[in-house]
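Undergrad: Okay, here's the structure, questions in a sec.
The values are calculated or read from the model by the stated rules, or taken from the named source; none is laboratory data. Here the structure is a predicted model, which means the values were calculated and not measured. Positions of Cβ are generated from backbone atoms using ideal geometry, with glycine treated the same way; all protein chains shown enter the neighbour counts.
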């Protein structure tokens with residue numbers, strides 16, 4: 001995903017700016033053609049759209065307003081979904097960490113002991129009878 005985003009950014013930065021002539025301010029054209037009321041109503045929540053259009057129509061300052069209505073069920077559900085996901089993945093991480101600690105504390109020392117004895121057997125047992133590759137063979141035989 002980041003590679004795609006980076007590629008698109010490189011492509012966009014490589015393009016030449018196209019001169020645009022307009023009698024209006026750029027902000028007016030943006031509001032008229034890019035993010036007009038129809039698009040705002042389509043992409044924003046009802047609470048956000050209503051609040052924003054009231055602010056625009058009444059020329060009120062934006063301070064003190066939130067983009068989400070904290071009492072709306074959609075807002076609560078959105079937060080709930082994210083919290084549930086975080087809780088589940090955190091529990092998975094804790095369980096995986098417990099397993100890793102157990103493995104480290106019990107299995108790793110046992111494998112070190114087993115390896116010691118296997119190394120000794122490799123030296124004692126004839127190569128013809130030793131069916132497993134030795135460390136020497138693994139490292140040096142191509």
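Undergrad: Within the group 95, 11, 78, which residue is more than 30 Å from residue 136 (Cα to Cα), within 24 Å of the chain's Cα centre (by Cα) and surrounded by 12 or more Cβ atoms within 10 Å (Cβ to Cβ)? Spell out the reasoning first.
TA: On the way: 95 fails: surrounded by 12 or more Cβ atoms within 10 Å (Cβ to Cβ); 11 fails: surrounded by 12 or more Cβ atoms within 10 Å (Cβ to Cβ).
Selected residue: 78, the only one of 95, 11, 78 that is more than 30 Å from residue 136 (Cα to Cα), within 24 Å of the chain's Cα centre (by Cα) and surrounded by 12 or more Cβ atoms within 10 Å (Cβ to Cβ).
Undergrad: Follow-up. Would you check which residues across the range 21-43 are part of a helix (DSSP H, G or I) and either touching a helix residue (DSSP H, G or I) at 6+ places or on another chain (Cβ under 8 Å) or at pLDDT below 80 (or both) and list them?
TA: Initially, the range 21-43 is screened for residues part of a helix (DSSP H, G or I), giving 26-34, 37-43.
Result: 26, 27, 28, 29, 30, 31, 32, 33, 34, 37, 40, 41.
Undergrad: Which one of these does residue 133 not meet: (1) modelled with pLDDT under 80; (2) part of a loop (DSSP other than H, G, I, E, B)?
TA: (1)
Yes/no per residue for (1) modelled with pLDDT of 90 or more; (2) surrounded by 10 or more Cβ atoms within 10 Å (Cβ to Cβ); (3) touching a helix residue (DSSP H, G or I) at 6+ places or on another chain (Cβ under 9 Å):
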residue: 114; (1), (2), (3): yes, yes, no
residue: 117; (1), (2), (3): yes, no, no
residue: 120; (1), (2), (3): no, yes, no
residue: 139; (1), (2), (3): no, no, no
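Undergrad: If you go through the range 102-124 one residue at a time, how many are under 41 Å from the mean Cα position of the chain (by Cα) and under 13 Å from residue 134 (Cα atoms)?
TA: 1
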